[in-house]
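See below for the structure under consideration.
The values are calculated or read from the model by the stated rules, or taken from the named source; none is laboratory data. Just so it is clear, the model here is predicted, and its values are computed rather than measured. Quick reminder, even Gly has a Cβ in these numbers, built from the backbone with ideal geometry, and neighbours come from all protein chains shown. Heavy atoms of the whole protein, side chains included, go into the accessibility calculation; ligands, DNA and RNA do not. Shrake-Rupley method; radii C 1.70, N 1.55, O 1.52, S 1.80 Å.
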Amino acid sequence: MSSPSHLSLILDLTPVPWDALSHSTPPLRLKDFLAQALVFINAHLALRNENSVSVFGALPGRSMILYPPAGSTQVEADENTFHVFGQVDEGFMRSVEQEVEDLQEVEEDVPPALVGALTKSLCYINRLSNPPPPSNPSEAPPPPPHSRILLFSVSPDASVAYIPFMNCIFSAQKLKVAIDVCKLDESEVIFLHQACHLTGGAFVPITQREALLQYLSMCFLSETETRKTLAVPTLDKVDFRAACFCHKEIVDIGYVCSVCLSIFCQPVLECSTCRTKFSPDTLLRFGNMNLNGHAHTHSNGTVTA
Amino acid sequence: MATKQQASGPAQKKWLTRAPAVYNKLPGTLFLGPERLVWKQEGVPQPAVNVKLDKASAMFNSKEGALPVRLKLTFTDNEKGFQFAFSSPEPSTALEHRTSFVNHLTPLINRNKAALLGSPGPGTPGTPGSGDGPGTPVPGVPAGSTAQIGEENQLRRSVLLKHPPLAALHRQLVLSGQLTETDFWQGRSSLLLAERASQEQKRGRASTLVDPKPQTAEGGDIKIVVTPQLVHEIFEEFPVVGRAYAENVPGEMSESAFWQRYFQSALFHQNRASTRSSAPQTQIKPDPIFDRYLVPEDDQPSPISRSAGGALEEVDRLLDLAATEEDHEQGGNQKDVTMRPGRERGILPLIRRFNNHSERLVKASLGEDGRDAAEEGGDRKRRRLEGGEVGRFNPNDYYDEIVISDLIDQHASSGVQLDMLNASLFSTSAPSATRASLPQRTPAESTALLHTFQQETKDYLPSLHSLKPNRRAGEHALQSMTSTVRAAHVAHRSLPPIPPEFLRGMTTCQTAANEFLRQFWGAVLPPPSLYPAYGGQDVGGGRVLGMSGRERAQKAGKMAGFLAGTGEKVDALVRQAEGEGVDPERVRAAFAPLMFAVDKALKVYSQRRKKAT
């Protein structure tokens, strides 16, 4: 008896990238996207009676849970719709509408809080995996579901959030949650590559945006165990570069503090994370580099060969 | 004699020492020269044994006091070697002869061993007197340093033995003459230091309880081998036996009789370390002498104090459990179950014996190593106790021990706090992203954008019901995904294996190139310097470890030459691949990172040369 499966969606709801997407070729409007996402969710729920879903949204600067809705809402039953579908669709869309309504202005500089949404989703999954003991002690507790996260990405990486993002990835590994990524636009997302690779999920960049549903059902609908038998298309080449801690730029070759393993693009006198002072002899060995934070620059001269 | 001298060459050699000796059961004389060993049978003109000593590898002596006095020599090309027995009529003179031979041969053998470690190839500086010509030391090297260098070579040999891949690399590079011995070891001094440190550790005493087990020999006799070591250990472990020995031997009985009767006596069986009663078939005969030393079994609630004279052991007052006993006497209760030693009375003597043994061991090892530290503490305590004992009990004497500085309320606790300088770096709420390429929107445009966005989310039902995916796009998507899967499958298909010989050739090329790169960068990059002048200039000021500037330049040049040759080697391998049935592109791709590194190194080298000239 396999255990039920829980799907957690993370949507990026910032206005600016969606606006760009709706003007690109082939265009994808938010409306169509939401419709296809709803069909996908319904398909997931239809696979099995005990399957569950949760949706999180990321807006500029904040993240929130969209389904199950925070407050309790009354849903009127529509006779023509399967009640589970109706409940989920209605609850989800209503939350989306509310959140988007509350947007006051287009904040262009603030990146979407994807990492916040990811963290909240992981916490929710953790809560699901450790259910409280049932009120009737003779009953066996229901088996915890297998969970996976599907992240829809429309904007490039926020390298500011490198460290928290890596922490999320590690906790997802611990929880055995696979992170799948569906890339709707063409920007560079190195961290999401790494997330998929490290957690065993699939990374799929979408080229035919009108057939989004085709991609979703082919790659993301199957559960984690079933994927071992199916061949899910995913991106093989992963760029494992990291971002330096001082400028948040991606570095190829850098300098690593031997105490806390934080990465710098240039040699520094003192590590900014753990305040370890590095010895000046070591820095001299690195030759003609200007030391970070060193007030009077002295050139080290040419090193004798 | 004349034939011998002619055979040995034009130089007149005097024998260092000679002695009558037996070889192959034949009487004769053994002669030792500076370079050779000769044995001549009595009455036979030609010497039967005439070997050069440059291949002598080891020497063995028979035991002191065991007759006949033997000496055995083995050689690198003759493992069996030669065995001689010194046959002087007086055993002491035979011993003297052997000692003189040994004294002459030992430095020779040591020198040979040291030369074995240095590579036999040409052009190896730094190794002392290579195999030929043990009489001529390297000019300028004082005699004392040969011993040091010998020790150094011992270290190198043991490091190589411990790390087989390193030994393979050493064999490949050094013994073929491409790299010198000193160069090889220059970057690896940490390995040598670690090896020396581990060799200098001494093993402590064995901690097993002395318990000689009788072995049943044939015929049903019980046999115990009494070695001097065993006797020493028994006396240490059981001083009673020592006392018995001192008092009774050689007066009452002989030594062998003593041991015989001891092992049969009740004293021995009492001291055994197991509670198993001894084999029921042996009767324990009461022995008049040994039974005098029997102590009553140690199974009373409190252990019998073991110190000589029976004086009460000094226990630190802070740890003395019996200090307040006088307060509890009148209770009339037996001691609580937790205060009673042991669960069964029969076990007590055994446990107490173990405790005494451990205590003795700890005292002995502390006495050897930590005497200074223990003594200082002990003296202080003892002095204090004496003052307290003789005079009145002064509580202030113990303040140093019971006051713990950590518990005193200090205002600033010392310790390095892991302050994170920019905690905002680690939280997601930091909104500082610099986006250079944003289209500047007027406020009107942004509100319009927002409004459109919000409209998109309303009224989902109609769009949901009218959702119809584009068929052509769907098929196209399916095709592209299937091809991705197919490509991934093909890439992961396991390739046919490369034949092992060819693979070995590839790996040796790679490891050799790695070693050259290592040496090159070691010569080019600034070395760890001892006293850097803080102005940042290490030209002239500050001592630099290792080689001088010119030597480094030479070494860098040499390595650059080798690295340039690597490219040709790789090309040769690729050409060879065709013949072996391996895809040459695969081989080239395998060497791509190595070539990248080599190119980088060569570029740096040529830049430096250009800058210098």
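Odds and ends about this structure:
- Built amide H within the under 5 Å cut-off of B:Val69, gap 5+: B:Phe86
- Sequence of B:Arg340, A:Arg209, B:Arg171 when ordered by accessible area, the most exposed leading, probe 1.4 angstrom: B:Arg171, B:Arg340, A:Arg209
- At the residue level, A:Ile250 shows approximately 60 square angstrom of accessible surface with a 1.4 angstrom probe and all protein chains present.
- Scanning residues 5 or more positions from A:Val181 or on other chains, those with amide H under 5 Å from its amide H are A:Leu151, A:Ala202, A:Phe203, A:Val204, with H placed 1.01 Å from N in the peptide plane.
- Set B:Lys113/B:Lys555; A:Lys228/B:Lys468; B:Lys72/B:Lys202; B:Lys113/B:Lys162 screened for pairs whose C-alpha atoms are more than 26 Å apart: B:Lys113/B:Lys555; A:Lys228/B:Lys468; B:Lys72/B:Lys202
- Probe 1.4 Å, accessible area per residue of the stretch A:123-250, Å²: 47
- Cysteines in chain A that, by Cβ-Cβ distance, have no pairing candidate under 4.7 Å: A:Cys123, A:Cys168, A:Cys182, A:Cys196, A:Cys219, A:Cys246
- Sparsely packed loop sites in the stretch A:200-252 (the GluC sites (Glu not before Pro) outside DSSP H, G, I, E and B with at most 14 other Cβ atoms within 10 Å) comprise A:Glu225, A:Glu249.
- Residue-wise HN-Hα couplings along the stretch B:68-78, as the Karplus relation 6.51 cos²θ - 1.76 cosθ + 1.60 with θ = phi - 60° gives them from phi, are x, 7, 10, 9, 10, 10, 10, 10, 5, 9, 9 Hz; Gly and Pro carry x.
- For A:His197, solvent-accessible area (1.4 Å; no DNA, RNA or ligand), Å²: 100
- In this assembly, the A-B interface accounts for approximately 5600 Å² of buried accessible surface in total, computed with a 1.4 Å probe and without ligands, DNA or RNA.
- Cα-based shape type of the stretch B:10-117, given that a ≥ b ≥ c are square roots of the gyration tensor eigenvalues and the cut on a/c is 1.5: oblate
- Threshold 40 Å² - residues in the stretch A:247-278 whose accessible area is reduced by that much or more when the chain is no longer isolated, probe 1.4 Å: A:Ser272, A:Thr273, A:Arg275
- Burial of accessible area (probe 1.4 Å, heavy atoms of protein chains only) in the stretch B:484-511, relative to its chain alone, reaches at least 40 Å² for B:Val485.
- In order along the stretch A:257-262, phi translates into HN-Hα couplings of 6, 7, 8, 10, 6, 8 Hz, rounded to whole numbers, per the Karplus curve 6.51 cos²θ - 1.76 cosθ + 1.60 with θ = phi - 60° and x for Gly and Pro.
- At least 24 Å along the helix axis (C-alpha) and Kyte average at least 1.0, DSSP helices within chain A: A:30-47
- The stretch A:1-107: GluC sites (Glu not before Pro) in DSSP coil with no more than 13 other Cβ atoms inside 10 Å: A:Glu50, A:Glu76, A:Glu79, A:Glu105
- When the trypsin sites (Lys or Arg not before Pro) in the stretch A:3-52 are filtered for DSSP coil states and for at most 15 other beta-carbon atoms within 10 Å of their beta-carbon, the remaining sites are A:Arg48.
- Put the Cα centre of the stretch A:236-286 next to the Cα centre of the stretch A:5-21 and the gap is 33 Å.
- Filter on B:Lys558/B:Lys600; A:Lys120/A:Lys237; A:Lys120/A:Lys183; A:Lys277/B:Lys603; B:Lys25/B:Lys63 - keep pairs with C-alpha separation over 24 Å: A:Lys120/A:Lys237; A:Lys277/B:Lys603
- Chymotrypsin sites (Phe, Trp or Tyr not before Pro), loop per DSSP, at most 16 other Cβ atoms within 10 Å - longest free stretch of chain A: A:83-239
- Residues with amide H under 5 Å from that of A:Leu66, placed H, sequence gap 5 or more: A:Val55, A:Phe56, A:Gly57
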